[in-house]
Amino acid sequence: MRPRILTGDTPSGRLHLGHWVGSLENRVRLQDEYDCFFLLANVHGFTTRADRPEDVRRDTLEIVKDWLAVGIDPERSTFVLQSEIPAIAELSWYFAMLLPFNRVMRNPTLKTEIELKGLGDHYSFGFPLYAVGQCADILTFRATLVPVGEDQVAHIEMCREVARRFNWTYCGIDPQTVDEDHVRAGGLFPIPSALVGRVGRLPGTDGKHKMSKSLGNVIYLTDTAQEIKKKLSGLYTGRQSMTEPGDVNNALFQYVRAFIKEPARVAELEDRYARGDRLGDGHVKVEVAEAIDALLAPMRERRAALEGEAGDRRVLELLREHTARANALAEETLRLAKQAMRLDFGGRTLGLG
Ligand code: TRP
């Protein structure tokens, strides 16, 4: 039996390059080594868009198309449609009881999000609850590895705490037990690790902030060569001339290292830029744009085959099939968790009509 991965995306728009380097690339790479579960966090989609159900639904289907386009293989990996996995919702309740309220509210990812999205003190009760739900997403599938961007690491840390506390409280695990030994010692939940992509935080095309849809500084996986060039040409470096020594840690050079494949070429560009050896920003941008286009071209092609209603039908068909697969494991975990909690009043079966 292969170890399991669970990770996923909130349907709040199409996926972009930040998702690729932060997590998608790892997902595609690890499909053989791990039994992979990829979550469509459509329930979480409602935390900030409860009044826009059509948008959440559309973005959910779009994300599946993006996944198929980047090379996630529906034969090997399982898509998890969050709203149709009742075990996740049930476990969220039990886990909420294992987390101090103030611990959740101190979660730095939630705090940053409140700030970035301008939620002030108007956010719903469900908004902080999603962080507890995220622990349940991972633990429902008893995953050991969670490939994510850097911004999600605080959530995974909270999930690790919940898993330990459950195992201590209901499975008789000694609190001295090291994380790696929890399952061997009889704990239900493995203590999962985060796996951050080779670029944990990609700057946006504004050259300043993290690439993020809400900041309008993203390159989508579906962008054309022209759009990529145009967006990059606007990237601000603050450099005045080709002979001015450049900062190889600026946003432009983070792109150089993230997307230009040949290490020798990267080293050469860094060297000339740092010395102010007549290497213009415009030239570097064009080279980066070409590298990004080469990466995205095959994705665009695969995605084109999924456009329109026929594509939607294909996606819905996959979701139906995968929901049954996902619930088989999720229900098993829930049954074991309830047994451990002395909530064992007999089994149940679930099906989708
Ligand atoms: N919060 C994640 C995001 O918006 C999505 C997500 C939900 C997730 N549940 C998860 C990621 C569990 C990893 C594991 O990107």
Given the criteria buried (at least 18 other Cβ atoms within 10 Å of the Cβ), out of contact with any strand residue (DSSP E or B) (no Cβ under 8 Å at 6 or more places or on another chain) and at pLDDT 95 or above, does residue 75 qualify? no
Does region 144-156 contain any residue that is over 19 Å from residue 34 (Cβ atoms), buried (at least 22 other Cβ atoms within 10 Å of the Cβ) and either away from the ligand (no atom under 16 Å from the Cβ) or in the same structural domain as residue 28 (by TED's automatic domain parsing) (or both)? yes
Just one listed residue, out of 184, 160, is basic (Lys, Arg), more than 30 Å from residue 254 (Cα to Cα) and in contact (Cβ under 8 Å) with a residue 24 or more places away in the chain, and it is 160
How many residues are crowded, with 16+ Cβ neighbours inside 10 Å and under 16 Å from the mean Cα position of the chain (by Cα) if we restrict to region 194-212? 11
Looking at region 138-196 only, could you name the residues that are more than 17 Å from residue 333 (Cα to Cα) and touching an Asp or Glu at 6+ places or on another chain (Cβ under 6 Å)? 196
Please specify each residue of region 30-56 satisfying the condition of being more than 10 Å from the ligand (Cβ to nearest atom), part of a loop (DSSP other than H, G, I, E, B) and of a type in the set (A, V, I, L, M). 30, 50
Matching residues, region 225-247, being surrounded by fewer than 17 Cβ atoms within 10 Å (Cβ to Cβ) and among the aliphatic types (A, V, I, L, M): 225, 242
For residue 241, only one of the following conditions fails: (1) assigned to a loop (DSSP other than H, G, I, E, B); (2) more than 19 Å from residue 277 (Cα to Cα). What is its number? (2)
Can you work out which of the residues in region 163-181 that are without any contact (Cβ under 8 Å) to a residue 60 or more places away in the chain and either in a helix (DSSP H, G or I) or in contact with a strand residue (DSSP E or B) (Cβ under 7 Å, 6 or more places away or on another chain) (or both) is farthest from residue 106 (Cα to Cα)? 181
Please identify the pairs in which a residue from region 250-268 that is in a loop (DSSP other than H, G, I, E, B) has its Cβ atom under 6 Å from the Cβ atom of a residue that is modelled with pLDDT under 95, counting only partners at least 6 apart or on another chain. 250/237
Take residue 27 and decide whether it is more than 13 Å from the chain's Cα centre (by Cα) and either assigned to a helix (DSSP H, G or I) or over 25 Å from residue 127 (Cα atoms) (or both). no
All positions within region 75-132 that are assigned to a loop (DSSP other than H, G, I, E, B) and among the hydrophobic types (A, V, I, L, M, F, W, C): 85, 97, 98, 99, 119, 125
Taking residue 278, is it outside any helix (DSSP H, G or I), surrounded by fewer than 18 Cβ atoms within 10 Å (Cβ to Cβ) and either modelled with pLDDT of 95 or more or touching a Lys or Arg at 6+ places or on another chain (Cβ under 9 Å) (or both)? yes
Considering every residue within region 151-162, establish whether at least one is more than 21 Å from the chain's Cα centre (by Cα) and not hydroxyl-bearing (Ser, Thr, Tyr). no
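The values are calculated or read from the model by the stated rules, or taken from the named source; none is laboratory data. Small disclaimer: the values here were computed from a predicted structure and weren't measured. Glycine gets a Cβ as well: all are built from the backbone with ideal geometry, and neighbour counts include every protein chain shown.
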